[in-house]
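The values are calculated or read from the model by the stated rules, or taken from the named source; none is laboratory data. All values derive from a computational prediction rather than experimental measurement. Neighbour counts run over all protein chains shown; Cβ positions are idealised from the backbone, glycine included. Surface accessibility is based on the protein's heavy atoms, side chains included, excluding ligands, DNA and RNA. Shrake-Rupley method; radii C 1.70, N 1.55, O 1.52, S 1.80 Å.
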Amino acid sequence: MSAILTLICFTAALSQNKYTISGTLKDKKNGEDLIGATVVVTGTTIATSTNAYGFYSMSLPEGKYKIAFQYVGYKTIYQDIDLTSNQKIDIEIAEDRVELAEVEITADRPDMNVRSNQMSVNKLGIKEISRIPALFGEVDVVRSIQLLPGVSSVGEGASGFNVRGGSIDQNLILLDEAPVYNSSHLFGFFSVFNPDAVKDVKLYKGGIPAQYGGRLSSLLDVRLKEGNSKRLAVQGGLGSIFSRLTIEAPIKKDKGSFIIAGRRSYIDALIAPFTGGLPDIKGLRLYFYDLTLKANYNITKKDKVFLSGYLGKDEFGQGAFGFNWGNRTLSARWNHIFSDKLFFNLTGFYSRYNYGLGAETNSSGDGFSWKSSIQNVSIKPEFTWYINPNNTISFGGQSTYYDFFPGEIKIKSSNEEFSRKLSSKYGLENAVFIANEQKLSPRFTATYGLRLSNFNFIDSSRQNYDPAQSEMNIKRKPTSTDVYASPRVLNQFWYPEPRVALKFELNETSSLKASYMRTVQYLHLISNTAASIPLDVWTPVTNNIKPQIADQVALGYFRNFGSDNQFETSVEGYYKTMKNQLDYVDNADLLLNKNIEGEVLNGRGRAYGLEFYVKKNNGPFTGWISYTLARTERQVNGISENNWYANRFDRTHTLSIVACYDVRNKFLIFNDRWRFAANVFYGSGTPVNLPTNGFAYNNYYIPQTPVNQRNNIRIPDFFRVDLSATFKNKKRPEPEMGELPSNLFKRLKYTYEWELVMGVYNTINMRNAFSLVARENPEVKDNDKVFDGDEVPVGYAPDGKNIVYQKFSVISFIVPSITYNFKF
C-alpha cells in the first residue's frame, strides 16, 4: 500500500504545469450519459474514456489541440481548443444515421479489444442483446451472457450462471451498485433485469477492479438507463408469456429525469381456461412481476444525484401449497466534481432477498409456513483522480452490514400451533482499496491495485465441533455451545486482495495481456441439490466455516482483422485455485438445521481452461462464435476417497454460435425491414451423483449409489438451435430534435416504432436432459441393447434386469413465440 502511495505522489509531481479539459458526454436525443465514449487528441496516441457516469478528464501541456469526441454509432464531434487554462467541455453527440444503417452492434471503439487494458471482460449493449433469439421471444440479460466464453449453467431452467468453474453464489451481480442475490425469474428461464430499463451490461471473468470485492469468480455490472431528459418516451411489448411497459420523461428538461419499467407474466392466466378437466394442474399459480425505477437530478454543475430501485416477486404453487421468492434493492448515489481532475461518487444501498414456502390453512385448521431472508445495507465512497494522461488513480472504501435470517417455520394442526425459529446471524464487512492505471510506454500499460478486506462474524452463540471429525463424511454434533447475553463479534478475518493487469501492444491490431487477482468471499450459499433453487440458504463465515479464497492467473492474445477492425478475436487461458469450498456429507439435512455446520465439509477447488472468441461487429452479418475447453474439480477429505472429482457444473466443451442477418437489398420476398437471427449451442454433459446398481425388496426396486463417490455419472450432451425473424415498421425520417412537433399525437408519426419478433426455441425438438432418474426397465434383459430414446443404459440389477436412467427434461418440445414491441 505504501509503495502505491509513493507512486501517486511521484506521478502527481510529474503532472505539474499542465492544464485539464474535463466534462461529460451525453446522447443528444435523450440526455443519457454515454459510458465508455472516447476523447482523443487527434494526431497523437493520447486518449481517455468516460466513466460509468459519462465523465472524462484529460491533462495536457499548454498549447493548441484538436479534440475528437467519439462514440460508436454516433457522429464524431471535433473541437479546436487553445489550452491556456483548465476548461470544462460538455458535449452532446447525435446518432449517425448513416453509420447506424451499417448495423454497429457494439458501443466500444473498433480497436478497443486490442487497446483496452482489460482482459476477461465482455460488454454487451442492450441493442446487441435484443438481437439474440430468446425463449418466448423475450430479451434476457442472463441467458445472453451464457453464450459468452467461460460462462455456463448446469442446464435448462437452472437459476444463475457459472463463470470459470465458480458456483452461482460466487458471482457479484450488481444493479446500479446494489447486489442482487437471486437473478432469476421462473426458475432461471428469465432474469430479473427488465431489458427496456437496462443501458449497459459488463461481465468481468477476471481482472476485477480493486473497488469490487466480496465474490470469488465474477462481477456482472448492470447499469440502468437514467430516463429521457428531453421529452416523454414510452416503450413496451406484448409477448407470449408476459408483457412490459416503460415510461421515461424529464423531471425538468436537461436537469433531471426518471424512468419506470414494469413487467408481469401471465402463463397461469393463459392456461387457466384449459385446466378444468386436468386436476393435476388445476389451480396452478405460476407468475412473476417486477418494477424497476430510477431518477436523477443535476443539483449544480458539479453535483448530481441518483435514486434507483427494484421490486420483484415470483410465485409458484397449486391449490393450498406454494412457495415464493423475491428481491428488493434501493440505491442512492451522489456524484461530485471536486476539481477538473478529481471525481467523487458516494453510493448507499439496501438489498433484501426473501423466500419461503407453505400451505394455506384448510377447513380443518391445518397448515404451515416457512420463511427465510438475507438483507444488507452498505455505504461506499469512491474517488477517481485523473492525474495525467498516463495515470488514473481510484481509491475509496466500503462498509456493509449483513442480516442472515436462516428461517422460521410455523405449523398449525388441529387448532394447535408449533413454531421453530433459528436465530439470525450478522456480519460486518469492511474494505479499503486503491488502484492505478498507468501507461508506462506507448505500448505497455499496467493496472495494479490492492483491496484490503475485513469481516466480523456477529452472533449471540457459537458452536464448537471436534476437530478430529472435520474430515469425516459423517453428520457431526457440536461438542459444546457458547451462549452470550447479546450478539457480539465472535470471529474476525483480514485478507489482502492484490490485483494486477498488464497489456503489451504488439502492433496496431494485436496485443498480449496478462492478469492476476485474488478474491475473498465471506458468504456461502448452502445447497446440495442438482441445481440451485430459490430456497437455498445463505450463511456467513463463522468460527467453523472459513472464507472462500481464490487466486486466478490469465494470459490472452487479442487480434483484430478486416477493414475498420470489424472482426475481433481473442484466445485466453486461465488457471484458478480455490480454498475453503464447501461440500456436504452424505444425506445432508440443510433445511432449518441449527447444526448445519456439522453437515458440511471443507475442501479445495481448481478450474482451468481455454476460451476462444471471434466476433463480427458490423455489416449485414453480425454475431460471434465462442468455444470453451475447461475443467472444474474439487478435492474434499472424506469424499471420493479424498481424490479430485468433477464439480456439478463441470462442462468440458461449450460451443456457442450467435448469428444475425439484417436484410439490406431485397432477398427473395424479404426487404430491409426484416432481420433474421440464430443461436446454436452445444455443451458436453455435466456430472451428477446417481445409483449404478440396486436390489429388489418386496417387489420394489431399490437403487443404490456407490459408497464414497461423488458425481459419478455424466448426463448426455446438450444441443439446441433457436431461430428468430423480426419485421419492423418503415419509420418516417425524423427531423432534427428542435423541429419535432410539440403535440404528442403529431409527433407519433415521426417517433412511433414497432417490430414483430417471431421465434422458435429448441427448433430441432431436442429432449435435452437436465438430470437423470434411475429406474429398472423390466423390458430389457442382459445383453439387450434396445432402449427407449429417452433412456440411457447404466448397469444390471442383481436379478438380471437392466438399470436405466430416464432423462428429466425441462423443455422437451419446440417452443414457438411471437412478441410485439413498440416505442415512441
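See the values below:
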| quantity | calculated |
| --- | --- |
| Cβ charges +1 (Lys, Arg) and -1 (Asp, Glu), total dipole of the chain, debye | 1560 debye |
| Carbon + sulfur, % of accessible area of segment 509-648 - ligands and nucleic acids excluded, 1.4 Å | 55 percent |
| Protection proxy ranking, peptides 763-771, 536-544, 471-479, average beta carbon neighbours within 10 Å, highest first | 536-544, 763-771, 471-479 |
| Residues of the chain: accessible area per residue with a 1.4 Å probe, Å² | 42 Å² |
| Relative packing of peptides 39-46, 378-385, 447-454 - highest average C-beta neighbours within 10 Å first | 447-454, 378-385, 39-46 |
| ³J(HN,Hα), Karplus 6.51/-1.76/1.60, whole Hz, each residue of segment 292-307, x for Gly, Pro | 10, 9, 7, 9, 9, 8, 8, 6, 9, 5, 10, 10, 9, 10, 10, 9 |
| Pairs beyond 29 Å (Cα-Cα), from Lys666/Lys731; Lys301/Lys380; Lys302/Lys503; Lys313/Lys425 | Lys302/Lys503 |
| 20 °C / 1.002 mPa s Stokes-Einstein diffusion coefficient of the chain, Kirkwood radius on C-alpha pairs, µm²/s | 74 µm²/s |
| Sum of side-chain charges, Arg263 neighbourhood, beta-carbon under 13 Å (Lys, Arg +1; Asp, Glu -1) | -2 |
| Extended-chain gain in nm, criterion 0.36 nm per residue less alpha-carbon gap, Arg747 and Lys255 | 174.9 nm |
| Förster-model FRET efficiency, 51 Å R0, Asp466 and Phe612, C-beta, rounded to 0.05 | 0.55 |
| J(HN,Hα) series, segment 48-61, from Karplus relation 6.51 cos²θ - 1.76 cosθ + 1.60, nearest Hz, glycine and proline x | 9, 9, 6, 8, 5, 10, x, 8, 9, 8, 8, 9, 9, x |
| Cα centroid of segment 593-609 to Cα centroid of segment 291-359, whole Å | 31 Å |
| Other-chain or far-sequence residues with amide H under 5 Å of Thr686's (modelled H) | Ile715 |
| Approximate spin-label separation Asp403-Ser423, in nm, with each point projected 7 Å along Cα-to-Cβ | 1.7 nm |
| Solvent-free Debye scattering, log10 I(q)/I(0), computed from the Cα coordinates of segment 574-668 at q = 0.14 Å⁻¹ | -0.69 |
| Too-long pairs where the Cα-Cα distance tops 21 Å, listed order kept, from Lys29/Lys75; Lys123/Lys615; Lys255/Lys341; Lys127/Lys728; Lys75/Lys202; Lys202/Lys304 | Lys255/Lys341; Lys75/Lys202; Lys202/Lys304 |
| Whole-number D in µm² s⁻¹ for segment 294-411, Kirkwood Cα-pair radius fed into Stokes-Einstein, 10 °C, 1.306 mPa s | 89 µm²/s |
| Value of [θ]222 nm, deg cm²/dmol, for the chain, DSSP H segments ≥ 4, -39500 (n - 2.57) each, nearest 500 | -1000 deg cm²/dmol |
| Space enclosed by the convex hull of the alpha-carbon atoms of segment 499-639, per residue, Å³ | 143 Å³ |
| Residues whose placed amide H lies under 5 Å from that of Trp538, excluding near-sequence neighbours | Ile526 |
